[in-house]
Amino acid sequence: MKKFFLMFALCAIFLSGGVLISACGEDNPPPPEQYNITLETSSDFEITSSHQKATEGETVTLEVTITNENLEIDSVFANETALEKDGNSYSFVMPAQDVTINVTTKERTYQEVLESDGTYWRESVPNQIGLPEEGTQYANQYIYFNFSGGGVWSPTVTVRSTNQEVLPDDALEVRLTSNNQGTRYGYGSVCIDLTKASKGTTYIILTAKSSTMGTTNSTIIKEIEFVDNGEVEFETWQTTVTFDLSKVARSGREIFVQVSDRDWVYGTPSEIPSYFSQSTTEESIVLNITYIPTHDYSILAYYFDENNRMIEFELPEVITGSGSSETGFTQYVDGNLSFAYNGANINITPTN
């Protein structure tokens, strides 16, 4: 009988130990399996991921940064599943398998931005520029931009072309113009070396940054087509400038007058001249001008003295010509002549 109870006790201890062993095993389950996340590499973009590995059901967040400025993201895939963009990132729930992240890109679509945060292209910046004739050594075209609000202090301005085959970046140079307030700049220009340009279309992107007084951080974009010489197309008006020379006329004195296009575009057809000039010994001259809207024109009236020196006549600082409150007025202001409508005219009286 004693042997029976001893064996029963041993069996009970063994069985309880087995239960304890089993219970301890349930407190330490094996860790869940992790799966690899592989990111595609490219010189056109960079991918960053919140995880290098993840378990099934975890949310993985991705950010894709374009490094090629002429491309933009088309789609982002986790294996063969296209991901939706949420703000500046993409995310997916990790499946029970390894995942490879792939990105497809497409050519970036540009649009003109004529004004941004106080920086703007002048209205006269052309849509077309002609290429130099063969054998031309030097041919430059200037396109102008302004800073509003009186300019900015020491801006950093950069410019680039989106189509290097049409216009390489080394054909572009920024030139800033001070507005006589130390290093405060009111406007500038981009000088285009046309000897390096080819026929076609590009976008010129100008970025202005300043962290000092007059802060600006802007990007403006202009689409420009380069065409064969003489094929630049413009709307033109026929306008008239009448010079009353009665105050400066002298017996036998030859007086010269000239109206010049300040915004002349290289490659403009020869029938639209860059300047109009005429001379007379009479008391008036009438210039019939083929005028390009949005362009400003300068005026010069002069004669040559006995030593063949050119002597300029003074012109009124402000002249208001024909026009109306609806069309605006033809004006000569601060050395710039502009017309308000097709067929407008203005009268100018030079003085000594």
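Taken together, the values in this text are just the output of simple stated rules run on the coordinates, not laboratory data. Since the structure is predicted, the reported quantities are computational estimates derived from the model, not experimental observations. Counting neighbours? That spans all protein chains shown, and the Cβs are built from the backbone with ideal geometry, glycine included.
The table below gives the values:
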quantity: Approximate spin-label separation SER325-ASP86, in nm, with each point projected 7 Å along Cα-to-Cβ; calculated: 5.8
quantity: Dipole of segment 237-348 [Lys/Arg +1, Asp/Glu -1 at C-beta], most positive-end residue of PHE304, PRO273, SER251; calculated: SER251
quantity: Too-long pairs where the Cα-Cα distance tops 31 Å, listed order kept, from LYS53/LYS106; LYS85/LYS196; LYS85/LYS222; calculated: LYS85/LYS196
quantity: Dipole magnitude (debye, nearest 20) for the chain, charges at Cβ of Lys, Arg, Asp, Glu; calculated: 1220
quantity: Cα-based reach from LYS209 at 15 Å (exclusive), listing aspartates and glutamates while leaving out same-chain residues under 8 positions away; calculated: GLU115, ASP117
quantity: Cβ crowding within 10 Å averaged over residues, with 188-198, 55-65 ranked highest first; calculated: 188-198, 55-65
quantity: Under the Karplus curve 6.51 cos²θ - 1.76 cosθ + 1.60, θ = phi - 60°, whole-Hz ³J(HN,Hα) for segment 339-352, x wherever Gly or Pro sits; calculated: 10, 8, 6, 5, x, 5, 9, 8, 10, 10, 10, x, 10, 5
quantity: Within segment 30-94: Cβ-based charge dipole about Cα centre, in debye rounded to nearest 20 (Lys, Arg +1; Asp, Glu -1); calculated: 220
quantity: Under-5 Å amide H pairs with ARG122, H placed in peptide plane, nonlocal only; calculated: TYR144, PHE145, ASN146
quantity: Straight-distance crosslink candidates among aspartates and glutamates, where the alpha carbon sits under 18 Å from LYS199 and sequence neighbours closer than 8 are dropped; calculated: GLU133, GLU134, GLU165, ASP169, ASP170, GLU223, GLU225, ASP228, GLU231, GLU233
quantity: Global form of segment 203-282, assessed from the alpha-carbon gyration tensor, a/c cut-off 1.5; calculated: oblate
quantity: Theoretical gain in end-to-end length, GLU112 to GLU233 [0.36 nm per residue, Cα-Cα removed]; calculated: 41.6 nm
quantity: Karplus 3J(HN,Hα) series, Hz, for segment 274-279 with 6.51 cos²θ - 1.76 cosθ + 1.60 (x for Gly, Pro); calculated: 7, 8, 10, 9, 6, 9
quantity: Cα-based helix-to-principal-axis angle, 2-26 vs the chain, degrees rounded to 10; calculated: 0
quantity: 5 angstrom amide H check on LEU245, placed H, neighbours 5+ away; calculated: SER284, ILE285
quantity: Nonlocal amide H pairs with LEU337, under 5 Å, H built at 1.01 Å; calculated: TYR297, SER298
quantity: Positive-pole candidate from GLY188, PRO29, GLN137, dipole of the chain, charges at beta carbon; calculated: PRO29
quantity: Value of relative contact order over segment 34-107, rounded to a whole percent, pairs C-alpha under 8 Å and six or more apart; calculated: 38
quantity: For segment 295-307, Karplus couplings with θ = phi - 60° (6.51, -1.76, 1.60), whole Hz, Gly/Pro x; calculated: 7, 9, 10, 9, 10, 9, 10, 7, 9, 10, 7, 5, 9
